[in-house]
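Asker: Attaching a single structure in structure tokens format; questions to follow.
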Amino acid sequence: MGDGPHAVILAAGQGKRMRSALPKVLHPLGGRPFILYAVEAAQAATGSPPVVVIAPGDARLREVLGDAAICVEQAAPLGTGDALRSVPESQRGPGPVLVLVGDAPLIRAETLERLIAAHASSPRACTLLLGVPTDPSGLGRAVRDADGHVLRIVEERDLPIGEPVPMECNGGIYVFDSAQLWPALDRLTSANAQGEFYLTDVIELLTGPVEAVVAPDPDEFIFINDRRQLAAAEGALRRRTLDALMLSGVTVEDPASTYVDPGVQVGPDSVIHPMTTLSGSTRLGAECEIGPMAVLRDVRAGQRVVIGESRLDDCELGDDVRVGAYCRVRPNTVLASGVELGTHAEVKNSTVGAGTRISHFSCVLDSDVGEAVNIGAGTVTCNYDGEAKFRTTIGNRVFVGTNSTLVAPVRLGDGCYVGAGSFIDHDVPAGALAVGRSRQRNVEGWAARRPVQS
Ligand code: UD1
Ligand code: MG
């Protein structure tokens with residue numbers, strides 16, 4: 001372990017205030033377990049994977065962290081000081097130690113870098129992050145001397161009654177001088193309201209000045225202890241993501257009703273209409289127009305794609321694809337460039353060639369459709385016989401008339417025609433016309449002879 005700063009993230013607490021069977025730091029924020037945000041910020045600021053202190057046997061957290069962190073266990077949740085004390089000798093290193101609480105997902109890497117730089121700027125025992133947040137409830141408060149040095153942190157529930165409450169709150173994020181930190185941790189006691197070993201008490205055990213950096217953005221001081229704070233963090237993260245999108249050249253008509261996960265990419269000059277959700281690994285090209293009321297998860301789309309009030313999941317769209325209103329595009333679907341879906345169309349596990357149109361109320365399932373095909377309104381590919389699924393294959397430039405039923409497995413050759421209302425359960429050769437319906441019969445004068453009802 002080198003002389004540079006290395007990070008330790010405390011994440012072994014029980015998270016009682018979440019009232020959840022799921023470990024606190026695994027609750028999703030912007031679609032991902034929220035511990036990952038602090039891990040990524042720490043990695044960016046120090047250049048190496050952080051140590052994360054976890055509860056014993058927390059296999060789910062270990063799995064989520066994977067190679068992104070080095071996990072060490074705290075035997076019992078005896079407080080933040082005891083958590084840090086659980087880091088073994090081998091992970092302690094000689095350089096400064098950046099410590100973060102695990103429930104601070106909105107902390108920015110730049111803020112951690114500022115803290116590290118401030119710590120290196122003059123000899124000191126510790127540099128910590130303070131702030132004046134919108135909601136200070138439950139946070140430790142900083143007591144400073146006339147020179148601005150931090151004398152101690154007092155937990156809210158240990159504040160002396162009747163005395164003025166300091167405004168500045170502790171962010172739970174510190175850079176410590178290694179040589180002083182580790183021995184001081186062994187001198188902590190648990191004489192406080194919670195009977196825990198508080199990391200904050202270590203401040204008074206250090207020799208040399210403890211300096212503070214004030215966080216510029218109150219959003220960084222949203223800590224997740226309960227589900228109200230989880231919602232507050234979600235809102236703040238969303239504003240941050242939307243701001244970045246807008247600054248990169250995307251029009252978001254109504255940020256208040258637009259939900260975009262942090263990893264989502266949208267090309268410039270795209271417009272996102274209200275009540276739209278873009279999540280997962282969604283990546284859209286330039287000049288797209290999405291919504292209103294579109295829900296896209298894991299969608300990869302090219303440029304100039306237009307999507308109405310529709311739901312799309314795990315699919316790929318080429319340039320200039322147009323998806324009308326109330327469509328559903330289900331996983332494992334590729335719509336090549338210029339494909340158009342009319343209103344109420346559904347496509348699943350299918351490839352659709354360039355320039356093909358699938359009209360309103362059509363249902364194309366488990367199909368391979370060629371280029372420049374016209375699928376008339378209300379056409380259904382019947383993919384299931386009650387036991388197994390089968391594919392429908394449609395060649396290039398095929399015209400399928402309205403309200404046709406194509407029973408898989410079936411093949412429609414290039415350039416063939418299917419008469420409207422046909423039931424097709426045999427292959428159609430290229431260039432043929434298939435009419436799979438009973439011939440119309442007109443009974444002349446029938447209305448006049450119709451028996452009169454008494
Ligand atoms: C802590 C700070 C408080 C600060 C606040 C900022 C202490 C005593 N208090 O309070 O001054 O304003 O963070 O968010 O440090 N953890 C363990 N093992 C434990 C207990 C906690 O690993 O035994 C972990 C938790 O998983 C959590 C972090 O440490 O990620 C902080 O614990 P939490 O209980 O949330 O502390 P706060 O009461 O929020
Ligand atoms: Mg907390």
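The values are calculated or read from the model by the stated rules, or taken from the named source; none is laboratory data. None of these values were measured; they are calculated from a predicted model. A quick note on method: Cβ atoms are made from the backbone with ideal geometry, for glycine too, and the neighbour counts reach across all protein chains shown. All accessible areas refer to the heavy atoms of the entire protein, side chains included, with ligands and DNA or RNA removed. Shrake-Rupley method; radii C 1.70, N 1.55, O 1.52, S 1.80 Å.
Asker: How much of the DSSP beta bridge set in the chain is antiparallel, as a percent to the nearest 5?
Answerer: In the chain, approximately 20 percent of DSSP beta bridges are antiparallel ones.
Asker: Another question about this same structure. Express the C-alpha Rg of the range 390-430 as a ratio against the empirical globular expectation 2.2 N^0.38 Å, rounded to two decimals.
Answerer: Taking the Cα Rg and dividing by 2.2 N^0.38 Å, one obtains 1.00.
Asker: Consider all pairwise Cα distances in the chain and report the whole-number % of them above 27 Å.
Answerer: The proportion of pairs with Cα distances above 27 Å equals 63 percent.
Asker: For the range 146-204, run through the trypsin sites (Lys or Arg not before Pro) and keep only the ones in DSSP coil with at most 11 other Cβ atoms within 10 Å of their Cβ.
Answerer: R187
Asker: Next question, about the same structure. Can you give me the % of accessible surface on the range 6-221 that is carbon or sulfur? Probe 1.4 Å, all protein chains present, nothing else counted.
Answerer: Result for the range 6-221: 53 percent of the exposed heavy-atom area is carbon or sulfur.
Asker: By the scheme Lys and Arg +1, Asp and Glu -1, what is the net charge of all other residues having a beta-carbon under 14 Å from that of P56?
Answerer: In short, -1.
Asker: Oh, and also: Below 8 Å between Cα atoms, with a sequence gap of 6+, how large is the relative contact order for the range 250-434 in percent?
Answerer: In percent, rounded to a whole number, it is 10.
Asker: Among residues other than T277 whose Cβ falls under 9 Å from its Cβ, what is the net charge (Lys/Arg +1, Asp/Glu -1)?
Answerer: Combined, the nearby Lys, Arg, Asp and Glu give 0.
Asker: So what is the calculated 222 nm ellipticity per residue for the chain, using -39500 (n - 2.57) for each DSSP H run with n of 4 or more, over all residues, to the nearest 500 deg cm²/dmol?
Answerer: Result for the chain: -4500 deg cm²/dmol, rounded to the nearest 500.
Asker: Could you sort E89, E287, E346 by their accessible area in this structure, using a 1.4 Å probe and putting the largest first?
Answerer: Of E89, E287, E346, the descending order of accessible area is E89, E287, E346.
Asker: Shifting gears a bit: Kirkwood hydrodynamic radius, the range 250-434, all distinct C-alpha pairs: what's the number in Å?
Answerer: Hydrodynamic radius (Kirkwood, Cα pairs) of the range 250-434 is 16.4 Å.
Asker: Can you send over the carbon and sulfur percentage of the accessible area for the range 386-454, probe radius 1.4 Å, protein chains only?
Answerer: Exposed carbon and sulfur together represent 50 percent of the surface.
Asker: Work out from phi, with θ = phi - 60° and the Karplus expression 6.51 cos²θ - 1.76 cosθ + 1.60, the ³J(HN,Hα) of each residue of the range 266-282, listed in order in whole Hz, and give x for Gly and Pro.
Answerer: Those phi angles translate into 9, x, x, 6, 7, 10, 10, 7, x, 6, 10, 10, 10, 9, x, 9, 4 Hz.
Asker: Same structure again: Given a cut-off of under 8 Å on Cα pairs at least six residues apart, what relative contact order in percent is computed for the chain?
Answerer: It rounds to 8 percent for the chain.
Asker: OK, next. Mind listing which chymotrypsin sites (Phe, Trp or Tyr not before Pro) in the range 131-210 are in a DSSP loop and have 14 or fewer other Cβ atoms within 10 Å?
Answerer: Here no loop site has a sparse enough neighbourhood.
Asker: So, one more: Work out Dmax and Rg for the range 399-454 from the C-alpha atoms and quote the Rg first, both in angstrom.
Answerer: So, for the range 399-454, Rg and Dmax equal 17.0, 56 Å respectively.
Asker: Shifting gears a bit: Taking the Cα centre as origin and putting +1 on Lys and Arg beta-carbons and -1 on Asp and Glu beta-carbons, what dipole magnitude results for the range 250-434, to the nearest 20 debye?
Answerer: Dipole about the Cα centre, nearest 20: 220 debye.
Asker: Right, next: Give me the 1.4 Å probe accessible area per residue for the range 250-434, excluding ligands and nucleic acids, in Å².
Answerer: With all protein chains present, the range 250-434 gives 42 Å² per residue.
Asker: On to the next question. What accessible surface, in Å², does a 1.4 Å probe find on K16, ignoring ligands, DNA and RNA and rounding to the nearest 10?
Answerer: 150
Asker: Relative contact order for the range 1-154: what is it in percent, counting Cα pairs under 8 Å that are at least 6 residues apart?
Answerer: 28
Asker: Please report, in whole Å, how far the alpha carbons of the range 6-221 spread along each principal axis, starting with the longest.
Answerer: 47, 37, 34
Asker: Quote the Stokes-Einstein diffusion coefficient, in whole µm² s⁻¹, for the range 300-341, based on the Kirkwood radius over alpha carbon pairs, a temperature of 20 °C and a viscosity of 1.002 mPa s.
Answerer: Here the translational diffusion coefficient equals 218 µm²/s.
Asker: Next up: Under 1.5 on a/c is rounded, so check that first for the range 304-386, then, if it is not, pick prolate when a/b is larger than b/c and oblate when it is not; a ≥ b ≥ c are the square roots of the alpha carbon gyration tensor eigenvalues.
Answerer: Rounded is the answer for the range 304-386, as its axis ratio a/c remains below 1.5.
Asker: Quick one: which residues, 5 or more positions from G318 or on another chain, have an amide H under 5 Å from its amide H? H modelled 1.01 Å from N in the peptide plane, none for Pro or chain starts.
Answerer: G302, L335, A336, S337
Asker: Using the Cα gyration tensor of the range 184-227, with a ≥ b ≥ c the square roots of its eigenvalues, what is the shape: rounded (a/c below 1.5), prolate (a/b larger than b/c) or oblate (neither)?
Answerer: Oblate is the answer for the range 184-227, as a/c is 1.5 or above yet b/c matches or exceeds a/b.
Asker: Just need log10 I(q)/I(0) for the range 335-454 at q = 0.09 Å⁻¹, Debye formula, equal scatterers on the alpha-carbon atoms, no solvent, rounded to two decimals.
Answerer: Relative scattering, expressed as log10 I(q)/I(0), comes to -0.29.
Asker: For V52, which sequence-distant residues (separation of 5 or more, or a different chain) have an amide H within less than 5 Å of its own amide H, given hydrogens modelled in the peptide plane?
Answerer: Those lying under 5 Å, H to H, from V52 are I9, I70, C71, V72.
Asker: Next question. Can you find, among A420, Y384, N442, the residue sitting farthest towards the positive end of the charge dipole of the range 380-454, where Lys and Arg contribute +1 and Asp and Glu -1 at Cβ?
Answerer: Checked the options; the winner is N442.
Asker: Which cross-chain or sequence-distant (5 or more) residues have an amide H under 5 Å from the amide H of L412, H modelled 1.01 Å from N in plane?
Answerer: Close amide H contacts, sequence-distant or interchain: T393, I394, G395, V428.
Asker: Under the classification rounded if a/c is under 1.5, otherwise prolate if a/b is larger than b/c and oblate if not, where does the range 139-200 fall, given a ≥ b ≥ c as square roots of the Cα gyration tensor eigenvalues?
Answerer: In terms of gyration-tensor shape, oblate.
Asker: Evaluated at 10 °C with a viscosity of 1.306 mPa s, what Stokes-Einstein diffusion coefficient in µm²/s does the range 53-104 have when Rh comes from the Kirkwood expression over alpha-carbon pairs?
Answerer: 132
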